[in-house]
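Engineer: Sharing a structure with you now.
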Amino acid sequence: MEKINVITLGCSKNTVDSEHLMARLAAVGYTIQADSDRTDAKTVVINTCGFIGDAKQESIEMILRAVEAKNAGKIDRLFVIGCLSERYADELRKEIPEVDDYFGARTWDGIIAALGAKEGAEFNTERFLTTPSHYAYLKISEGCNWMCGYCAIPLIRGRHISVPMEELEEEARKLAAKGVKELILIAQDLTEYGRDLYGKRMLAELLRRLCRIEGIAWIRLHYAYPAAFPEEVIEVMATEPKICKYLDIPFQHISDNQLKAMLRRHTKAEAVALIEKLRARIPDLTLRTTMLVGYPGETEADFEELCDFVREVRFERLGVFPYSEEEGTHSAEKLTDDVPEEIKQERVDRLMALQQRIAAELNRERVGRTERVVVDRREGDYYICRSQYDSPEVDQEILVDAAAKRLFKGRFYEVKITDAEDYDLYGEVISSK
Ligand code: SF4
């Protein structure tokens with residue numbers, strides 16, 4: 001069978017979707033490529049992102065590059081899937097008719113049929129890994145019911161749908177059998193897992209079951225919604241050694257005016273209480289969060305309140321995004337984008353500068369500690385490693401001198417942290433286990 005190139009843009013949820021599709025393609029004999037630079041495949045599938053302006057632009061540029069290659073006779077068939085075509089298929093069909101067909105992000109039947117890929121639910125747990133073989137994402141649900149004022153995801157991905165627990169266990173076992181040691185759980189909101197299928201939230205139960213899978217050493221949690229955070233999940237995180245002392249929990253803002261305007265279902269007091277509870281129960285916890293500044297109606301006082309919150313909480317990991325209006329969202333339809341772009345950017349810069357100082361201080365506090373790390377890759381004179389406090393592709397890394405000792409990718413080592421920079425650490429191996 002011919003070669004097919006599946007190009008994935010956007011978030012880790014898209015990565016998992018593409019890996020499921022690639023497994024079905026490999027099962028019928030396609031040779032799989034997953035590379036946005038190489039075009040020696042006669043069939044190309046682009047899994048797009050349609051979340052915000054920049055991401056949409058990147059997807060359109062990738063489609064146009066592929067159309068150029070098709071017009072030059074380098075590609076025979078070109079398909080577009082994912083969030084951008086879920087949202088704009090009709091417009092795209094009119095504006096870029098050279099694409100053989102457009103398919104959405106919610107159902108895969110169309111693209112599977114178009115490519116003659118392997119059908120059937122029994123294939124739901126198969127993955128063709130594109131991440132380094134020692135870690136993999138596990139998407140436990142799709143869609144979201146929260147409807148935050150600025151967010152287009154519920155419009156694209158629909159309502160929250162959990163993947164059955166048995167399927168996730170089987171998928172995780174197969175990943176472990178492929179050598180995966182770190183499972184990164186992803187969703188739009190992890191905490192809602194199970195409510196639709198089992199009538200109650202079941203993330204804690206799922207975590208306990210995944211912890212029992214042999215070969216899995218680390219389980220990491222990404223994308224938790226702060227409102228009514230399940231107590232039992234805190235308990236499992238505090239007691240199960242395989243669960244990384246790490247939680248990605250986007251707060252977006254902290255002033256009650258802004259939280260209300262963003263339709264976030266929690267207050268400042270509830271957010272502060274949750275952080276205190278998490279840190280009290282899981283002392284060594286690394287909190288990752290994202291903040292959204294420049295949302296309609298954000299005053300300088302709101303922003304100052306956010307800066308005070310960040311100063312007090314001292315998040316280990318923090319990203320900041322300027323608000324951009326997304327059509328079809330509550331804020332686009334009901335609110336005025338009244339914060340000037342230069343003020344939005346100035347607030348992003350001020351908050352990131354504050355966070356950089358905090359990150360540097362927290363990193364200096366890690367010097368002298370011994371941490372268990374996994375080796376991700378070799379880069380020049382260093383092995384690039386991570387501890388349980390660092391998520392791949394988004395967080396900082398630990399650099400270990402490659403001349404000192406030969407290390408192996410995907411293996412764990414005890415490393416003493418010897419030096420720190422604002423966003424990276426240096427260490428030396430003291431034992432391999
Ligand atoms: S919880 Fe996240 S995915 Fe869901 S609507 Fe809010 S921002 Fe969007």
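Engineer: For an R0 of 30 angstrom, estimate the FRET efficiency from the Cβ-Cβ distance between Asp419 and Ile343 and round to the nearest 0.05. Working shown, then result.
Structural biologist: Working: r = 37 Å, r/R0 = 1.25.
Computed FRET efficiency for Asp419 and Ile343 comes out at 0.20.
Engineer: Please give every one of the aspartates and glutamates within straight-line cross-link reach of Lys178, meaning a C-alpha to C-alpha distance under 15 Å, and leave out same-chain neighbours fewer than 8 residues apart.
Structural biologist: Lys178 reaches Glu19, Glu126, Glu169, Glu170, Glu214.
Engineer: Please report the antiparallel percentage of the DSSP beta bridges confined to the chain, to the nearest 5.
Structural biologist: About 35 percent, rounded to the nearest 5.
Engineer: Moving to a separate point now. By average Cβ neighbour count within 10 Å, what is the ranking of 83-89, 23-29 from highest down?
Structural biologist: 83-89, 23-29
Engineer: Related question: Please get the size of the charge dipole for the range 301-433, origin at its Cα centre, with Cβ charges of +1 on Lys and Arg and -1 on Asp and Glu, quoted in debye to the nearest 20.
Structural biologist: That gives the range 301-433 a dipole magnitude of about 1340 debye.
Engineer: Going 7 Å from the Cα of Glu325 along its beta-carbon direction, which residues of the range 338-380 have the amide nitrogen within less than 12 Å of the resulting point?
Structural biologist: 338-341
Engineer: Take the alpha-carbon centre of the range 93-130, take the same for the range 307-359, and report the distance between them in whole Å.
Structural biologist: 36
Engineer: In addition: Could you pull out every residue, at least 5 positions away or on a different chain, whose amide H is within less than 5 Å of the one on Ile81? Hs are placed 1.01 Å off N in the peptide plane, and Pro or chain starts have none.
Structural biologist: Result for Ile81 returns Ile46, Asn47, Thr48, Phe103.
Engineer: Additional query: Quick one: if you take sqrt(5λ) for each eigenvalue of the C-alpha gyration tensor of the range 89-151, what semi-axes come out, biggest first, whole angstrom?
Structural biologist: 25, 22, 13
Engineer: For the chain, report the % of Cα-Cα distances exceeding 32 Å.
Structural biologist: Distances greater than 32 Å cover 42 percent of the Cα pairs.
Engineer: Could you give the distance between the Cα centres of the range 164-187 and the range 372-433, to the whole Å?
Structural biologist: The range 164-187 and the range 372-433 have Cα centres separated by 24 Å.
Engineer: Return the unpartnered cysteines for the chain, using a Cβ-Cβ cut-off of under 4.7 Å.
Structural biologist: When partners are defined as cysteine Cβ atoms under 4.7 Å apart, the chain leaves Cys11, Cys49, Cys83, Cys144, Cys211, Cys244, Cys307, Cys385 without one.
Engineer: Something else about it: Can you count the Lys pairs in the range 1-99 whose Cα atoms are under 17 Å apart, with each pair 8 or more apart or on different chains?
Structural biologist: On the way: Lys3/Lys42; Lys3/Lys70; Lys3/Lys74; Lys13/Lys56; Lys42/Lys70; Lys42/Lys74; Lys56/Lys94.
Number of lysine pairs found: 7.
Engineer: Can you compute the charge dipole magnitude of the chain about its Cα centre, using +1 on each Lys and Arg Cβ and -1 on each Asp and Glu Cβ, nothing else charged? Give it in debye, rounded to the nearest 20.
Structural biologist: About 1640 debye.
Engineer: What residues from the range 405-426 fall in the zone where the backbone N is under 14 Å from a label point 7 Å along the Cα-to-C-beta line of Val367?
Structural biologist: In the range 405-426, the label zone of Val367 (backbone N under 14 Å from the point 7 Å along Cα→Cβ) covers 417-426.
Engineer: Under 17 Å between alpha carbons: how many lysine pairs meet that in the range 202-358, if sequence neighbours fewer than 8 apart on the same chain are excluded?
Structural biologist: Qualifying lysine pairs in the range 202-358: 4.
Engineer: Dipole magnitude of the range 126-226 about its Cα centre, charges +1 at Lys/Arg Cβ and -1 at Asp/Glu Cβ only, in debye to the nearest 20?
Structural biologist: 160
We did not get these values from a lab; they are worked out from the coordinates using the rules stated. Every value quoted in this text rests on a predicted model; they were computed, and no experiment measured them. With ideal geometry, Cβ positions are generated from the backbone for all residues, glycine too; neighbour counts draw on all protein chains shown.
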